[in-house]
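Report on one structure; see the data block that follows.
The values are calculated or read from the model by the stated rules, or taken from the named source; none is laboratory data. Computed from a predicted structure; not experimentally measured. Please note: Cβ atoms are built from the backbone with ideal geometry, for glycine as well, and neighbour counts cover all protein chains shown.
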Amino acid sequence: MIKKICCIGAGYVGTPTMAVIALKSPNLEITVVDSNKSRIDAWNSSNSYDFPVKEPGLDDIIKEVRNKNLFFSSDVEKHIDESEMIFLAVNTPTKKEGEGKGFAADLTNIDECAKQIARVSSSNKIIVEKSTLPVRTAERLKEIIKKHKKNDVTFEIISNPEFLAEGTAIRDLFKSDRVLIGCDQTEAGLAAMESLVKIYKNWIPKERIIKTNIWSSELSKLASNAMLAQRISSINSLSALTEKTEAKINELSLAIGKDHRIGDKFLNVSPGFGGSCFKKDILNLVYICRQYGLEEVAEYWHQVVKINDYQRKRIFNIVNSTLVELKNKKISILGWSFKKDTNDTRESSSIPISSDLIINGASLKIYDPLAEKKQIIQDLTTYLESKDLSLKEIKSLLSQVKIQSTLSECLTNTNAIIVLTEWDEFKQVDWQNNKLNTSQINLPYIFDTRNILDIELLKSLGYEVFQIGNGDNTIK
Ligand code: NAD
Ligand code: UGA
């Protein structure tokens, strides 16, 4: 019976998953470790405002279990050695250099964990792959461990990918559609899997726990993300056609989604999917397919990412052509996080769209309820650096950007308002009052890339509005 768990990686996955396991399994002692000491210090802060991940419901759970059966530590080796089960929840970004650059997953962090575990373990361990990994990573980990282990300790690797979505992580963990566990079909593998099943059974009904071989489990995670992202690219691609044909994308989503074989989820039009995973996981899938010589399959999935880039570019082009000349135009960006209810801005569509606007001369006012000012500036800087701009040019472009601390500051004295994240706060704007407050002769154009505003109300107040995929737009 497992008593002590160590989770390597105190990020968006490691902390919420361990917090929920700790809450549901009071007899387990769980320590979340990370090589980033300031991240661990932040999780140990007495003020939840300092927590590095903002996720509805997470603060309350941490307050309840922290220092009872959930601990945060930067002493990685000690907790690896003391635990019976070790979760790997480290980041697996896209490779920036070397073989597979721009497509393959960078497994440096995972490899480092395997080496460290092999080196410091003085007792048998079950290693759980929680990070999203290419199919057959367990094979690679076994090789690394074999090379670095020092004594007779045994290691059993199982796969347990995480399916939570940010913004709803706690809800997703409490009521998972499924928990997937894959293992080697050996006596030791099956026993390791059962010890994890036992933990999940504390709150997940047993029919929702899916047991597979280890390769199916690893690949199911990449395939799930690819299929979710594919739905978004499908609806976003159709939004270009509905705009041309006077159809409405929301009506299309409704009509299509009513077919229970298709279902109504993940059919919301958007400025393109963001987040740290969809793009990297699909590119990884593309790479794996190519490695196995499956060029047509690779190209099929690559299109999902290409349509996402197309949608972002399309939005920039619509704003650009509406305003005729971007130079000296003031534009308000509503939303920086990649979706509502999270402070995570990784791969947010706000980043490329805003960058293209400033490169073309616009001045921006940006407001997001959770994303921090320094993060927004960092995101823009990193993106502009990737465009090979000099430091001087980047500095000058950033001088065109102002981060606002309230929404109302963002809504007045502007030529255009672009809604890029679907925050509830943006749905509650009093546009009637805002119209009275604006000192401008011309009302700003409104570009609603999430289709969350009441277009009829806005039209009746005299605003010119563009909603993605809406054939009734007043801006054509
Ligand atoms: P993250 O960047 O938020 O957290 C990863 C943490 O791991 C960081 O704090 C980093 O310092 C730490 N780390 C990296 N290497 C380390 C090492 N060798 N030793 C100790 N600590 C180390 O990443 P995340 O968003 O939590 O994602 C983690 C994994 O989970 C990825 O593979 C991702 O694809 C997958 N995933 C993410 C989500 C999500 O919603 N973010 C959902 C499902 C799956
Ligand atoms: C996604 C998956 O939903 C999770 O199951 C998975 O565990 C996770 O990736 C991961 O592996 O990291 P996440 O990226 O947190 O979760 O959030 P989603 O709700 O999937 O949204 C991703 C992006 O797609 C956001 O930018 C969102 O605005 C966009 N989206 C979502 C749409 O454009 N339309 C939709 O209908 C739904």
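So the values come out like this:
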item	result
Residue ranges of helices (runs of 4 or more DSSP H) in segment 1-106 with at least 2 members within 10 Å of ligand 1 (Cβ to nearest atom)	14-24, 37-43, 76-82
The lone exception for Leu283 - which of (1) more than 24 Å from Asn473 (Cα to Cα); (2) modelled with pLDDT under 95 it fails	(2)
Any hit, segment 277-286, residues being touching a helix residue (DSSP H, G or I) at 6+ places or on another chain (Cβ under 8 Å), basic (Lys, Arg) and under 23 Å from Leu141 (Cα atoms)	no
Matching residues, segment 251-278, being without any contact (Cβ under 8 Å) to a residue 60 or more places away in the chain and either among the aliphatic types (A, V, I, L, M) or more than 30 Å from Leu133 (Cα to Cα) (or both)	Glu251, Ser253, Leu254, Ala255, Ile256, Gly257, Lys258, Asp259, His260, Ile262, Leu267
Residues satisfying the stated conditions in segment 152-170, i.e. within 12 Å of ligand 2 (Cβ to nearest atom) and in a helix (DSSP H, G or I)	Ala169
Extreme residue, surrounded by the most Cβ atoms within 10 Å (Cβ to Cβ), among residues of segment 423-461 that are polar (S, T, N, Q) and within 22 Å of Ser270 (Cβ to Cβ)	Thr449
Residue satisfying all of: in segment 19-31; away from ligand 2 (no atom under 16 Å from the Cβ) and closer than 18 Å to Leu164 by Cα; nearest to the chain's Cα centre (by Cα) among these	Ala19
Asn151 being loosely packed, with under 15 Cβ neighbours inside 10 Å, not acidic (Asp, Glu) and not assigned by TED's automatic domain parsing to the domain that holds Ile8	no
Complete set of residues in segment 279-304 that are without any contact (Cβ under 8 Å) to a residue 40 or more places away in the chain and either closer than 18 Å to Asn236 by Cα or within 16 Å of ligand 2 (Cβ to nearest atom) (or both)	Tyr300, His302
Some residue of segment 216-239 being basic (Lys, Arg), without any contact (Cβ under 8 Å) to a residue 60 or more places away in the chain and either in contact with a Leu (Cβ under 8 Å, 6 or more places away or on another chain) or assigned by TED's automatic domain parsing to the domain that holds Asp177 (or both)	yes
Test: residue in segment 126-141 that is free of Cβ contacts under 8 Å to residues at least 60 places away in the same chain and part of a strand (DSSP E or B)	yes
Some residue of segment 281-298 being within 16 Å of ligand 1 (Cβ to nearest atom) and either in the same structural domain as Ala104 (by TED's automatic domain parsing) or assigned to a loop (DSSP other than H, G, I, E, B) (or both)	no
Some residue of segment 323-334 being under 19 Å from the mean Cα position of the chain (by Cα) and closer than 30 Å to Val53 by Cβ	yes
Filtered residues of segment 315-351 (kept if in a helix (DSSP H, G or I) and out of contact with any Gly (no Cβ under 9 Å at 6 or more places or on another chain))	Phe316, Asn317, Ile318, Val319, Asn320, Ser321, Thr322, Leu323
Segment 305-351, residues that are without any contact (Cβ under 8 Å) to a residue 12 or more places away in the chain and crowded, with 20+ Cβ neighbours inside 10 Å	none
Odd one out for Met193, checked against (1) modelled with pLDDT of 95 or more; (2) touching a Lys or Arg at 6+ places or on another chain (Cβ under 8 Å); (3) within 16 Å of ligand 2 (Cβ to nearest atom)	(3)
Residue match in segment 257-269 (condition: in a helix (DSSP H, G or I) and away from ligand 1 (no atom under 16 Å from the Cβ))	yes
Filtered residue count, segment 1-26, keeping only those that are farther than 25 Å from Lys37 by Cβ and at pLDDT 95 or above	6
Hits in segment 208-234 (condition: away from ligand 1 (no atom under 16 Å from the Cβ), surrounded by fewer than 20 Cβ atoms within 10 Å (Cβ to Cβ) and among the small types (Gly, Ala, Ser))	Ser216, Ser234
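Listed here are the residues, each with its yes/no results for (1) away from ligand 2 (no atom under 16 Å from the Cβ); (2) at pLDDT below 95; (3) surrounded by 14 or more Cβ atoms within 10 Å (Cβ to Cβ).
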site	(1), (2), (3)
Glu55	no, yes, yes
Asn69	yes, no, yes
Ile86	yes, no, yes
Ala89	no, no, yes
Lys96	yes, no, no
Lys101	yes, no, no
Ala114	yes, no, yes
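Results for (1) buried (at least 16 other Cβ atoms within 10 Å of the Cβ); (2) more than 26 Å from Gly275 (Cα to Cα), shown as yes or no for each residue.
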site: Met1; (1), (2): no, yes
site: Ile8; (1), (2): yes, no
site: Thr17; (1), (2): yes, no
site: Ser25; (1), (2): yes, yes
site: Ile30; (1), (2): yes, yes
site: Val33; (1), (2): yes, no
site: Ile40; (1), (2): yes, no
